[in-house]
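Throughout, read-outs are computed from the coordinates displayed, never taken from laboratory work. Just so it is clear, the structure is predicted and the values come from calculations on it, not from any experiment. Every residue, glycine among them, receives a Cβ derived from its backbone with ideal geometry; neighbour counts consider all protein chains shown.
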Amino acid sequence: MDNIIWLTMRRMRTPLIVMILVYSLSVFGMVLIPGQDQAGRAVQVSFLDATYFIASMATTIGFGEMPTAFTDAQRLYVFIILFPNVVAWLYSIGTILSLFLDPQFKNVQHRSRFARRIRWLGDPFYIVCGFGNTGSMIVKGLLKRGISAVILERKQEIIHGMALDDDFSHLPALAGDVTDRRLLELAGLENKRCLGVMAITNEDHANLTIAITSKLLRPELPVFARSETRRVSANMASFGIEHRIDPYTIFAERFYLALSSPTKYLVQDWLIGIPGSELRTEIKPPLGRWIIAGLGRFGSRIASQLNQAGLPFTIIDVHPDRVENREDAVLGRGTEAHTLMEAGVKEAVGIIAGTGDDVDNLSIIMTARELNPDLFIVVRQENQQNDALFDSFNADLIARRSLIVARRMLTVATTPLLPVFLTHLVREDEAFAAKVKNRLEAVLHGHAPNLWTEELIAGHANAFLAAANEGEDIRLEHITYNLRMENPVSLDCVCLLLERGASRLFLPGPKQELLAGDRLLFAGRGTAHREMIWNLTEPSVLIEFATARPQARGAVMRWLARHGTG
């Protein structure tokens, strides 16, 4: 608001000075020239009358001569001052109109309105820098979880497009240099309701700048940064940025997991899937020789994981420096049949099309499948607009960069216990993975689960705390039943993790006793989540189910019942 006032006063300074001078001289002249009444007596025009007349004349309203008819001298003076006054008013009005149309003034207005909306924002929010395909998916996921977002984006046309979208039109959004410290501060970086910063632009250097700036200004705030090069990831790590999201590394690690343990890969895929989407069936990439077409950032990470798995592979790349020192390498694009034949496509068990061009990747896998229909197909997709093309081809695995980043960032930001569980899942044996798989299958009914965290503290679990205060022992099984039914049935959910202080218990049993301050990670149906919230907020119902004794309803009646019993 101060910037708007300062800019307005700076622009209007000269027009106001001109108008005040012309207006003042005109008023003083009218006062000094004597008038004459109908009797011929001299009449002195007052300042009020002169001011009123000049105002009506200068604005071209013109109510007439007053307080009495003018003399010839007064009419001559009015004729002289008429044009300067009209010009002064037009000059001022023209300056005001040009000010409103000025891009700089519009930008200041947008920033002022943006800052005001953030001050009025009552919900916790993340600052999301970059609103392309990845950003829109992340913001949509945050909104579904009841978390708001503040958008910073370089391109003004994207911000205009947000205003036409019902899902995003209510969010504060501003176009500008997302790496500018002042813009981050304007977006609420210092606001106590800010939950963190997400840097997800298409430029690694911009994400690095945003992440470092945010970490230096608010070290305690979590920063989530997209990074597709090892150099930038290492730079981020040196500044203490915990959450570095590299989509190519994530996919390569998950591909290795699919090779080494299809069950672990399947469980992980279920837990990071879009809630309600159809569950993927188990996939088993074959063991044998693979072909990697494109040894760039994506292909090199896949090659590293194949080396770790001990599987042979052949490289196809158009850059001579990438293939000259490799025995099993072919120089070429991979879209031609003779290049694939030279790489041994007939004997290979799978092919990975990992170039940076979607059309080339589609061409590679189409040609390869014609030569060997039994190939296991892994393909990289860069542009979200090509979803229909890749889906129609029915590849075994598709590396969608935007989806990978969005899934990982939402997982870490909104369900911080899930990465802990997934890390434990990868390290555990096959028996643990099979146990998790069986439990999830029993409650999910073919659809990806909702994930939620229940924290047994005041405001979130008042029923549990009331039961604890009354000396009742509450176990995990007591909160995982639908208590609104006459004959309670088990809720469609699985408790994956119980965190108590520094200790963690994975897949706790139904008899596990719960204590105040525990944090529980659940996976299951959305209806189960709603019923669990009700269980944890209705003390009489929870205590009655846990003790099998009828309970008085309401806090007062429970107190009276306890007092009477005593």
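Assorted remarks:
- Taken about its Cα centre, segment 165-232 carries a charge dipole of roughly 440 debye when the Cβ of each Lys and Arg holds +1 and the Cβ of each Asp and Glu holds -1.
- Between the residues Ile292, Thr229, Ala461, the greatest Cα displacement towards the positive end of the dipole of the chain, with unit charges on the Cβ of Lys, Arg, Asp and Glu, is found for Ala461.
- Per-residue extension of 0.36 nm, minus the Cα-Cα distance of Arg333 and Glu220, leaves a gain of 36.0 nm for this segment.
- Taken along the Cα-to-beta-carbon direction at a fixed 7 Å, the label points for Thr453 and Ala516 span 2.1 nm.
- Residues with amide H under 5 Å from that of Gly350, placed H, sequence gap 5 or more: Ile291, Phe376
- Extreme residue, positive dipole direction of segment 248-414, given options Ser363, Val412, Pro312 (C-beta unit charges): Val412
- Computed label-point distance, nm, for sites Met66 and Leu143 using a 7 Å Cα→Cβ extension: 5.6
- Per residue, the chain reaches -16000 deg cm²/dmol at 222 nm when only DSSP H runs of four or more residues are counted, each adding -39500 (n - 2.57).
- Couplings 3J(HN,Hα) of segment 14-29, computed from phi: 5, x, 5, 4, 4, 5, 5, 4, 4, 5, 5, 5, 5, 5, 5, x Hz, in residue order, whole Hz [Karplus 6.51 cos²θ - 1.76 cosθ + 1.60, θ = phi - 60°; x for Gly and Pro].
- Placing +1 on the Cβ of every Lys and Arg and -1 on the Cβ of every Asp and Glu, with nothing else charged, gives segment 2-101 a dipole about its Cα centre of roughly 320 debye.
- Answer label for percent of Cα pairs over 45 Å apart (calculated), chosen among (i) 41; (ii) 21; (iii) 35: (i)
- Amide H contacts of Tyr481 (H built 1.01 Å from N, in plane; Pro and chain starts excluded): Leu491 sit under 5 Å, all sequence-distant by 5 or more or on other chains.
- Note on the chain: antiparallel DSSP beta bridges, both residues inside, total approximately 35 percent of the bridges counted.
- A Cβ-based charge dipole, computed about the Cα centre of the chain with Lys and Arg at +1 and Asp and Glu at -1, lands at about 1280 debye.
- FRET E, pair Tyr52, Asp391, Förster distance 60 Å, beta-carbon r, rounded to 0.05: 0.20
- Protection proxy ranking, peptides 39-48, 496-505, average beta carbon neighbours within 10 Å, highest first: 496-505, 39-48
- Residues Phe100 and Leu16, FRET efficiency given R0 of 22 Å [Cβ-Cβ distance, rounded to 0.05]: 0.85
- Estimated vicinal HN-Hα couplings, Hz - segment 345-350 in sequence order (Karplus 6.51, -1.76, 1.60; Gly, Pro = x): 5, 5, 9, 6, 9, x
- Amide H within-cut-off set for Phe224, under 5 Å, with H built and near neighbours excluded: Val197, Met198, Ala199
- Paramagnetic label zone (point 7 Å from Cα along Cα-to-C-beta, Ala434; backbone N under 17 Å) in segment 504-527: none
- Each residue of segment 235-241 was assigned a 3J(HN,Hα) from its phi angle through the Karplus curve 6.51 cos²θ - 1.76 cosθ + 1.60 (θ = phi - 60°); the sequence is 5, 4, 4, 5, 9, x, 7 Hz, with glycine and proline shown as x.
- Theoretical FRET efficiency, 1/(1+(r/R0)^6), r = Cβ-Cβ of His424 and Ser238, R0 25 Å, to 0.05: 0.35
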